[in-house]
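Colleague: Input: one structure, supplied below.
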Amino acid sequence: MTRPISREDILNYFRYEEAYGGIPEKNFMAAWEIFTEVLDALEGAATDQALSNLALHLNDNQRAWLQRLAQAANRMDDAGIAALIDEEAYHAQKEPRFGEQNPDLIDMTFWKLMVQRRWSAWSARMHFDRACQAYMAELNKEPDDAVENLSEEELIASMENRPRYEYGGAVWSFWRFGSSCTRLPDGRAIWIGGEHEDFYDPDFHIYNDVIVMQPDLSIDIYGYPLDVFRPTDFHTATLVGDQIYIIGCLGHYGTRQPGVTPVYRLDCQSFRIEPVVTHGDNPGWIYEHQAEYSAEQHAIKITGGTVFLRWEGKRQSKQNRKSYWLDLVTGEWSVGQRK
């Protein structure tokens, strides 16, 4: 049983140099994640008096550092974001797209901003799209109960007088379900795929991209041709050396293949993705499962999750209650206990 992390462990992580197990000097991502978690945890207790008491314990260097951070945060208001990307750039870069090569480094200012801000597609529409802003402003003029009391003819007339808004294609977003995040020993974090919204939403999209956040918080986004890497969500991503094995997927309804388990391998240096040829007793079209690498077996163990069975009939899927092993040397699947 692992020992719980103590407060002293956390403090020592910041006190010690990297060579002695401390935080790397330029790993802003680790510092940012811990700092924002602390802010969120204390939000409810952060009264003016509590903050005043806390400020008394800051030394001059700490106070100056926080003032610099606050000044930088204050610059990221509407005007500051507009300086990064205007409405014209938003419309040029807003839609998801596939890569043209394996990999394809896609340098989109809007996409990177969406990673940084963690905005939904709808938030981006409301921030950058003046037609969407005008449409919502008009809708909000009348309270819901006033609309409910209108007759059918009055409601139709009211709708005809309102501005129209064409949603068009989906807007690219980093706010996703079913994506994976893998932390590398060198401080990088790698997000793979995921879906935004449900199938009925105009911004629904399942992604096949790879997003890399460097320790200094800079961002690289890689796209892939559709025939190289299918859109994926609710998969697992297992780090083995400098490669990530991407196993399973929910995917678009029409692309699911009963009896097949998709497996890909991502190289964390070149970011090239390749399919892994497998054989044997695989778990089938599995998603929402767990994966664990065994160095002793040099194999990945798959447990839990849901398996898609068939297109028609009452039982189209089932819960997985078995353990499956993928041998990374031979590519063979086996089921049950591995010797």
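Colleague: Tally the residues that are of a type outside the set (F, W, Y) and part of a strand (DSSP E or B), restricting the search to the stretch 158-217.
Modeller: So the answer is 19.
Colleague: Please indicate, with yes or no, whether at least one residue in the stretch 19-36 is more than 27 Å from the chain's Cα centre (by Cα), more than 21 Å from R183 (Cα to Cα) and of a type in the set (F, W, Y).
Modeller: Scanning the stretch 19-36 turns up no residue that is more than 27 Å from the chain's Cα centre (by Cα), more than 21 Å from R183 (Cα to Cα) and of a type in the set (F, W, Y).
Colleague: Which one is nearest to N102 (Cα to Cα) among residues in the stretch 244-262 that are open to solvent by 10 Å² or more (accessible area, probe 1.4 Å) and not in a loop (DSSP other than H, G, I, E, B)?
Modeller: Y245
Colleague: Restricting attention to the stretch 184-243, report how many residues are open to solvent by less than 20 Å² (accessible area, probe 1.4 Å), under 20 Å from M29 (Cβ atoms), charged (D, E, K, R) and touching an Asp or Glu at 6+ places or on another chain (Cβ under 9 Å).
Modeller: 0
Colleague: Touching a residue at least 12 places away in the same chain (Cβ under 8 Å), in a helix (DSSP H, G or I), open to solvent by 40 Å² or more (accessible area, probe 1.4 Å) and closer than 30 Å to Y222 by Cα, is that true of W122?
Modeller: yes
Colleague: Within the stretch 17-32, how many residues turn out to be in contact with a helix residue (DSSP H, G or I) (Cβ under 9 Å, 6 or more places away or on another chain), part of a loop (DSSP other than H, G, I, E, B) and on the phi < 0 side of the Ramachandran plot?
Modeller: 5
Colleague: Would you confirm whether or not the stretch 173-181 contains a residue that is within 22 Å of E95 (Cα to Cα), open to solvent by less than 50 Å² (accessible area, probe 1.4 Å) and more than 11 Å from the chain's Cα centre (by Cα)?
Modeller: No: the stretch 173-181 contains no residue that is within 22 Å of E95 (Cα to Cα), open to solvent by less than 50 Å² (accessible area, probe 1.4 Å) and more than 11 Å from the chain's Cα centre (by Cα).
Colleague: Kindly provide the set of residues from the stretch 254-273 that are in contact (Cβ under 8 Å) with a residue 24 or more places away in the chain, out of contact with any Gly (no Cβ under 8 Å at 6 or more places or on another chain) and not β-branched (V, I, T), ordered by number.
Modeller: Hits for the stretch 254-273 are R256, Q257, Y264, L266, D267, C268, Q269, S270, F271, R272.
Colleague: Report every pair of residues separated by at least 6 positions or lying on different chains whose Cβ atoms are under 7 Å apart, first residue within the stretch 227-249 and among the hydrophobic types (A, V, I, L, M, F, W, C), second part of a strand (DSSP E or B) and open to solvent by 20 Å² or more (accessible area, probe 1.4 Å).
Modeller: The qualifying pairs are F229/Y264; F234/Y287; V240/Y293; I244/A237; I246/A237; I246/Y264; I247/A291; C249/Y287.
Colleague: Could you list, in sequence order, the residues of the stretch 320-332 that are in contact with a Ser or Thr (Cβ under 6 Å, 6 or more places away or on another chain) and either part of a strand (DSSP E or B) or not small (G, A, S) (or both)?
Modeller: W325
Colleague: Let me ask something additional. Exactly one of (1) under 22 Å from V329 (Cβ atoms); (2) open to solvent by 50 Å² or more (accessible area, probe 1.4 Å) is unmet by L266. Its number?
Modeller: Here L266 meets the rest and fails (2).
The values are calculated or read from the model by the stated rules, or taken from the named source; none is laboratory data. What you are looking at is a predicted structure, and each value in this text was computed from that prediction instead of being measured. Backbone-built Cβ (ideal geometry, glycine too); neighbour counts: all protein chains shown. For the accessible areas, the whole protein counts, side chains as well, though only heavy atoms, and no ligand, DNA or RNA atoms are used. Shrake-Rupley method; radii C 1.70, N 1.55, O 1.52, S 1.80 Å.
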